[in-house]
1. Would you point out the residue of the stretch 725-741, among those that are assigned to a helix (DSSP H, G or I) and touching a Leu at 6+ places or on another chain (Cβ under 6 Å), that is surrounded by the most Cβ atoms within 10 Å (Cβ to Cβ)?
2. Take the residues of the stretch 531-556 that are under 24 Å from PRO698 (Cα atoms) and not in a strand (DSSP E or B): which is nearest to the chain's Cα centre (by Cα)?
3. Could you look through the stretch 242-258, keep only residues that are among the hydrophobic types (A, V, I, L, M, F, W, C) and part of a loop (DSSP other than H, G, I, E, B), and pick out the one that is surrounded by the most Cβ atoms within 10 Å (Cβ to Cβ)?
4. Please pick out the residue among SER355, SER383 that is touching a strand residue (DSSP E or B) at 6+ places or on another chain (Cβ under 7 Å) and farther than 29 Å from LEU292 by Cβ.
5. Can you name the residue in the stretch 134-176 that is without any contact (Cβ under 8 Å) to a residue 24 or more places away in the chain and in contact with a helix residue (DSSP H, G or I) (Cβ under 8 Å, 6 or more places away or on another chain) and is also farthest from SER430 (Cα to Cα) among such residues?
6. Restricting the first residue to the stretch 571-593 and requiring it to be buried (at least 18 other Cβ atoms within 10 Å of the Cβ), which pairs with a second residue that is assigned to a helix (DSSP H, G or I) and among the acidic types (Asp, Glu) meet a Cβ separation below 7 Å and a spacing of at least six or different chains?
7. With the condition kept exactly as written, say whether any residue in the stretch 692-713 is closer than 28 Å to LEU80 by Cβ and either out of contact with any strand residue (DSSP E or B) (no Cβ under 8 Å at 6 or more places or on another chain) or in a strand (DSSP E or B) (or both).
Amino acid sequence: MDWRAKLDELPVTRRQLIAGAAVGGGLAVAWWLWPRHYSSPLAPRPDERDFGGWMTIGSDGVVTVAVPQLEMGQGVTTLLAQVVAVELGADWRQIAVEPVPPSGLYANVPLAAKWAPLWSNLPSLAGDADSLLAENFARANAFAATARGCSLIAYEQPMREAAASARAMLAMAAAERWEVDWEECEVEGGLVRHGERQLDFGALVAEAAEFDPPDPAPLRVQPASEDPSPAEAELDPVFPRLDLPAKVDGSFLFAGDIRLPGLVYASIRHGPLGKPDLSAFEAGAVEGLRGLVGVVKSKRYLAAVAESWWIAEQALKKMRPVFAGPPAVESAAALEALEAAHDEVDPERIREVGSPDDLLVRPDYTQSYSVAPAVHATIETASATARFDGDTLELWIAAQAPELTRRAAARAIGISPQDVVLYPTAAGGSFDARLERRHAIEVAQIAKQIGRPVNLTWPRVQELQSVPVRTPVSARLEAAFLPASGGRIAAWRSRLAMPATVREFGRRLFDNKTPQAAMEHAAGEADALACEGAVPPYRIDHVAVDHLPVTLPFPTGQMRGNAQAYNAFFSESFVDELAERAGRDPFLYRMEMLSGLPRMADTLRRATRLAGWDGGRRGTGQGLALARFGSPESGGCIACVAQAALGEGGLRVRRLHAAVDIGRVVNHDIARQQIEGGLIFGLSLATGASVAYEDGKPVPARLGGLALPTLADSPEIVVELLASDAPAFDPGELGVAVAPPAIANALYSATGVRFRRLPLLSEGL
C-alpha cells in the first residue's frame, strides 16, 4: 500500500507538524546498523534522502525528524527534534517532524525492561535496559510505547548517532567538491563550511546519501543542553515548541479532526461497572430519525452512527440501553475492603533493607493514609477515526502503545495486523489514559459494520466510567526511633492494601484481556510495580515494603505519577508527623536523613530558600515535601514548599516553590512547563479528580463536578532548575508526586488538622 498517496488525499501536508504517519507492517532499522531487508518507515519522496529511518533531508534543506513517541502535551516532538538539530548542526527553522510507525528501529527498550514483569517469565533477566531479552522483545514486537518518561533515555543516543552520521556524510559530500578532508569542514546553522566556502544541506544531500558514514558515529563532545536559569528569570526559549503555532491557530490535528469522504460520526454507551452486558434497548425509538445512519449492537456496548455526533448522541438517549450482569459497583463497600485488608490479608514482602521487622515489633508511631480512585480528566475524551474497505483498516488514533493498539483493532475484526494502517495523531491530554485501547477496538468494529469511515468520540460520562481509574490505596506506615536520637528513624515499614493494579494493566496491554478478565488474572498477585516509591528517599537502615493484594470490583490502571505519586503522599505526610513527634523543624529533620545524598539535600535546601521557609511554625500555612524518581545518582528529585489556607472558598493554595534537579537540562522551557504542569496536576489530585461509583456509575459524571483547579485557583508557581552533572531525566511526573503532600503539610500548618486522605477535604474538617 502506498500510504503516502493515501495521506496526500487528506487535508494534511506531510510537514504540517503532528500531521500523522502510517503504520504498515515490518520492522525498519538504520541501514548502516541493521539488515538491509527492512524498509525505512519514512519512505522519502523523490526530492528527499533517508538517513537511517531517523530523518530525511530534502533538496530544499528541510530536515524531517522521525518522532516515534506520542505527543500528548509533553513537548516530545520538540525535544527529540532538538536532539537531532543540535547534533546535525541544522538551523531550527529548517526542522520539521513526522510521527512514525512503531518498528524495531524505534523500540523503546528501557520501557520494555521496566515493564518486564508484565510480559516476561524471566523478569529478573529481562528487567535491565541492557538485557538482550528486553531488546529482542521490544524489537520483535515493535514496542514503541510512550510512558514513564523514557523518551530521552530510549531515543536520544540513537538519534544522536543518526544525526552525527548524517552530518559526517554531508561534510564528505562538500569535502569531495572542495577536495579537502571532510573532518576539516564545519557543520552549523544548516550549512557546511570550509574557510570562506559554504553549501547548504539541500545542495549536498543527494551526494551525501551515497557515502558510507564513519563507524562509530562522530558524536559532538556535548549533547543537546541548556543552562538552567534563576527561578525569577524570564527567558525566550532557544528552541521554541514546534507544535505551539498550530495549537494556537487551531490547525493542530487530533483524531477527531480527521475528515474523510463519506465520514459519519458515532457515540456510544457502555454498561455501568459491574453490569457490562447489553441486554435490551428500544430500537423502535429511532425509526425514521433524520440523519441516523445505523445502530451497532455489541455484547458490551451500543453505538449509534449518524451524520453528526449530536444526532448519534440523541439516538442513544432515545434507545435507552439497558445493561445486565452482577450487582453494580458501589465503591464505598469496595473501599471498605481495602481498610479491612490490614487485618485480614497476609502481606507479601516486596522490598526489604536490613532487619526492619525485628525493630518494629512495637512501633513507636503508626499512621494510616489513603487515596481515593482518581480519573485522568483529559480535555479530549477517547476518540478515533477508522475506514475499512473490506481488506484494509485505516485507523487514526492517539495511542501510547501504537503497535499493541494496531494488533487489538485487527483482532477485533478478524484481520491480520499487517492489514491495519495506523496514523498516529496527537492526544489532547492523556496522563496515561491512552495506554488503554478499548475505543480502537470499538471504532474498528463499527467501521466494519457500517461500511463507511467513522469517527467515534466517547461522551464525557463514558470517559469517566470506562477508562480504568488510578487505583485506590489504603496505607499503614510504621516507624521505630533510635533511642536518645532526637527522633531519628531506625526502621520504617509501609503496608499497602490495593489490587495488583500494574499487573492488571499489563494483562490488558500485553495480553489484550478485557478489563474483567484482566482483574481475574491479576487477582491476589503481589505487585512490585504497584509499590514503587514506597521506600522513602532518605538514609534509613531498616526498611520494609509489603503489598496486601485486594480484589476490587472495578478496573484500575496507570495514571501520571503512578505508584510514586501516592507513595510520596504517604511517605512525606508520615515524615512530617514523625518530625512533629520529635519536636523538630520538618526541613532540618529531613536534612539529617540526607547524608550522602547531595543532590537531594541541595534540592531541599534551595526550595526552602526560594520560599522563605520559616520553620514550619503553626499558623504560617507552609508545608514541605521531597520526592525522588529513580536512583540517587541518575534519577530526578524535587522539593516543594506549598503555602495553603482554608477560607470561605475552601482550600486555597497560594504559592508553590519548587527546586528541581533533573540532571542535564535539554530544553529549559519544556522542562519548566512539565514541572509546572505536574504541580498543577498534583494540585488537582489534592483537591479533587476523584469519583465514587453509585450503581456502577461515576459520581460526579462531568468535569465541572471534579473540583479541578481553574485558572483563578492556580497558585503562584516558582520553579528553579538546579545545575547538575547527572544524566538527563524526564521531569513530567515529579510535580505530580510532590504537590499533594506539600499541600497536605501546609494545610496542617494552617489549621492544626491532619488530612490523611486524597482528595484532602473528602472527609471534611
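1. Narrowing the stretch 725-741 to residues assigned to a helix (DSSP H, G or I): 734-741.
Okay, now just the ones that are also touching a Leu at 6+ places or on another chain (Cβ under 6 Å), so 735, 739-740.
Values: GLY735: 30, ALA739: 33, PRO740: 31.
Once the filter is applied, the top-ranked residue is ALA739.
2. The residue in question is PRO555.
3. We begin by selecting, within the stretch 242-258, every residue among the hydrophobic types (A, V, I, L, M, F, W, C); these are 242, 244, 246, 248, 252-255, 258.
From what's left, part of a loop (DSSP other than H, G, I, E, B): 242, 252-253, 258.
On the way: LEU242: 22, PHE252: 20, LEU253: 20, ILE258: 24.
Filtering the stretch 242-258 for residues that are among the hydrophobic types (A, V, I, L, M, F, W, C) and part of a loop (DSSP other than H, G, I, E, B), the one surrounded by the most Cβ atoms within 10 Å (Cβ to Cβ) comes out as ILE258.
4. Result: SER355 is the single residue among SER355, SER383 that is touching a strand residue (DSSP E or B) at 6+ places or on another chain (Cβ under 7 Å) and farther than 29 Å from LEU292 by Cβ.
5. ALA175
6. Between residues of the stretch 571-593 that are buried (at least 18 other Cβ atoms within 10 Å of the Cβ) and residues that are assigned to a helix (DSSP H, G or I) and among the acidic types (Asp, Glu), the close pairs are PRO586/ASP576.
7. Applying the first criterion (closer than 28 Å to LEU80 by Cβ) to the stretch 692-713 yields none.
Scanning the stretch 692-713, I find no residue that is closer than 28 Å to LEU80 by Cβ and either out of contact with any strand residue (DSSP E or B) (no Cβ under 8 Å at 6 or more places or on another chain) or in a strand (DSSP E or B) (or both), so the answer is no.
Residue-by-condition table, conditions (1) over 30 Å from GLN157 (Cβ atoms); (2) modelled with pLDDT of 95 or more:
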| site | (1), (2) |
| --- | --- |
| ILE717 | yes, yes |
| LEU721 | no, yes |
| GLY732 | no, yes |
| ALA737 | no, yes |
| ALA742 | yes, yes |
| LEU747 | yes, yes |
| LEU761 | yes, no |
| GLY764 | yes, no |
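The values are calculated or read from the model by the stated rules, or taken from the named source; none is laboratory data. None of these values were measured; they are calculated from a predicted model. Note that each Cβ is placed from the backbone with ideal geometry, even for glycine, and that neighbours are counted across all protein chains shown.
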